[in-house]
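First up is the structure itself, then whatever we jot down about it.
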Amino acid sequence: MSKFESYNIDLKQLAAGTHLFEYKLDDDYFSKIDSPEVQKGNLTAKVKITTVQDFFTVLFEVNGMIFVPCDRCLDDMELSVAAKDTLQVKFGADYGEEGDVMLVPENDGTLNVSWFLYEMIVLAIPIKHVHAPGMCNKAMAAKLKKHMAPMTLDENDIDFDDNGNNEVERTIDPRWNGLLDVLNDEE
């Protein structure tokens, strides 16, 4: 028995109409996927398949929480995930693609949705994922600041002093003052 056999959907057995499948994606699921992006989580996945003859429209919907490392302090952080995607499937001679349509061999007729669900989750992760202000590991943030080159921060970044405490005041490189004057003139 394959570790992802429970995610197999036998398309040949589906009658015309709409069919709903639900999956619980927990730590066990992520350990079986064995991919570095997400290793823990608790999500619910709904797979709705609409069948018209030998053509299938598969609607994926995933909601829940995953745990990913914070880009700043490397501690795990909770990240909410809500994603939807659609896949068009039809029978063919072998596995493959025809434009935007996925082909599944007619003699097999089975679609395994485990990897599609995982890809949706990974694609829902923002490029930058950091803790909310003040929630980063203070010791790690202090070490990071100690070894970081000076840079300008955007309004969503947090600056820490050597003790890991949030600094209230930030200094702006005076070379940017000319640009601030230009922005103020446009208003």
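The values are calculated or read from the model by the stated rules, or taken from the named source; none is laboratory data. No experiment lies behind these values; they were computed from the predicted model shown. Cβ placement follows ideal geometry from the backbone for every residue including glycine, while neighbour counts extend to all protein chains displayed.
Would you say Leu153 is in a helix (DSSP H, G or I) and either under 34 Å from the mean Cα position of the chain (by Cα) or at pLDDT 65 or above (or both)? So Leu153 fails the test. Residues in the range 120-142 that are farther than 22 Å from Phe55 by Cβ and either part of a helix (DSSP H, G or I) or basic (Lys, Arg) (or both): 9 in all. Residues considered: Val130, Val89, Val122. Of these, the only one that is closer than 26 Å to Gly17 by Cβ, in contact (Cβ under 8 Å) with a residue 12 or more places away in the chain and among the hydrophobic types (A, V, I, L, M, F, W, C) is Val89.
Being hydrophobic (A, V, I, L, M, F, W, C), more than 12 Å from the chain's Cα centre (by Cα), closer than 18 Å to Ile49 by Cβ and surrounded by 17 or more Cβ atoms within 10 Å (Cβ to Cβ) is a description that does not apply to Leu117. Identification of strands (runs of 3 or more DSSP E) wholly contained in the range 12-102 with 3 or more residues that are loosely packed, with under 14 Cβ neighbours inside 10 Å and within 13 Å of the chain's Cα centre (by Cα) yields 76-92.
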